[in-house]
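Structure, as structure tokens:
Where a number appears in this text, it was derived from the coordinates with a stated rule and is not lab data. Values in this document were obtained by computation on a predicted structure and should not be read as measured data. A quick note on method: Cβ atoms are made from the backbone with ideal geometry, for glycine too, and the neighbour counts reach across all protein chains shown.
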Amino acid sequence: MDSASAATPASNNTSQLPPNAAAASKLALDSAMAAVSNGAAPKAGLSGRSQQSANGSASAENDTTAAASTTSTGKSAAGDESKEEGELSNDSGVDVDDAVAKNRAASASDMRTVFEDPENFNVKHPLASRWTLWFDNPSQRGMANMRGSKDSWGEDLNKVVDVDSVEEFWGLYHNIIPPSQLPAKANYYLFKEPIKPMWEDPANAKGGKWSVQFPREKSKSQIDNIWLYTMLSAIGETLDTPFPSGTPRALADGPEDELISGVLLAARPNFYRVAIWTRRSDQETEEIGRRLMDIGKNFKVNVLGLKLDEKVSSNYGTEIEFQSHTESEKKRGKKTVI
């Protein structure tokens, strides 16, 4: 996907986000913007031209320093003992500090963020993880099977695009069909790479999901924002944080220490379902159980905008509930409700 597809400024979309959802993408922006302000380009996300500019500046700086060293050495060899070893002679006509400063300024001036130039920006703000959007529409499976091209659920999955920056996410968001316009039985999945949105994936085999259902007709005007807030909380890594502080957890040592594997939206004839998939279930340890509960609370309060003790079944199709994938295969599997 062309990163320029993110032409619509993100500020148009974040103005009405819940505080934690807005902070989701802001965390990634802050560090990158700080780097730009200091004249250092973020390594992830430089376009070819900007990368060349940065490399060119470094090369110019090295050349200037080398020239300074040569000049100093030559002067010393000529017998000018009035200057200390390594000091640049004014006779060279080169002000090293000034040259380096100009090179850095030129490099920084060539950097354009999406806020400065929505059409031709060349600096991206990296996300903490790379995410993949998947789509399927099983309602078309019958015709596909008749053609002999698809014969299993997994083959209905279509990989749409990978995103690893704030700009790419907004470019994706503005170029896909919103949930309110999806046909019945269609599904969106936004999962961390390389996890596939299926129980059989090793990352999901021992996991579960938080989910809630919304009556289709009643929630049609709200479902697009609900799905957006859910995705932002996922890519901003704010779901798996202690509730209610929202203080980010220490960086995971590896994927196996992360709990969130992805989020999904399912469109059905009578309802929409939004779910958060986790790598592990509440049947394992006390710590995992506590973190899973925090995910559910963050989802309820910071994404859906509900009170923690509020009963939601009167307005929604179901309460917000957690169930392991193993339990969901049973007719009356164990559920945890918040």
- Task: For T318, enumerate residues with amide H under 5 Å from its amide H, sequence gap 5+ or separate chain, H modeled in the peptide plane.
- Result: Q213
- Along region 240-248, what does the Karplus equation 6.51 cos²θ - 1.76 cosθ + 1.60 (θ = phi - 60°) give for ³J(HN,Hα), rounded to whole Hz, x for Gly and Pro? 8, 10, x, 9, x, 5, x, 5, x
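How large is Rg/Rh for region 126-337, to two decimals, with Cα atoms and a Kirkwood Rh? Don't jump to the answer; show the numbers that get you there.
On the way: Rg = 16.8 Å, Rh = 17.7 Å.
Rounded to two decimals, Rg over Rh is 0.94.
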- Task: Could you sort out which of K124/K300; K311/K331; K220/K334; K206/K311 sit more than 26 Å apart by Cα distance in this structure?
- Result: K124/K300; K220/K334; K206/K311
- Note on the structure: Between A184 and R130, the two model label points (7 Å from Cα along the beta-carbon direction) sit apart by a distance in nm of 3.9 nm
- Message: Using amide H atoms built in the peptide plane, which far-off residues or other-chain residues are under 5 Å from K185 H to H?
- Response: A267, R268
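If we count every other residue with Cβ under 11 angstrom of N270's Cβ, Lys/Arg +1 and Asp/Glu -1, where does the sum land? Intermediate results must be reported in sequence, preceding the final value.
On the way: positive: R216, K218, R268, R273; negative: E217.
Local charge sum for N270: +3.
Sorted by mean Cβ packing within 10 Å, highest first, what order do the peptides 157-169, 174-186 take?
Working: 157-169: 18.9, 174-186: 15.1.
My ranking of the peptides, most packed first, is 157-169, 174-186.
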- Query: What is the spin-label model distance, in nm, from K220 to I176 if the labels are put 7 Å beyond Cα along the C-beta direction?
  - Reply: 2.2 nm
- Item | Under Karplus coefficients 6.51, -1.76 and 1.60, residue-wise ³J(HN,Hα) of region 198-210 in Hz, glycine/proline x | 8, 4, 5, 5, x, 6, 10, 3, 9, x, x, 7, 8
- Note on the structure: Distance in nm between I288 and K206 label points, each 7 Å along Cα→Cβ, equals 0.5 nm
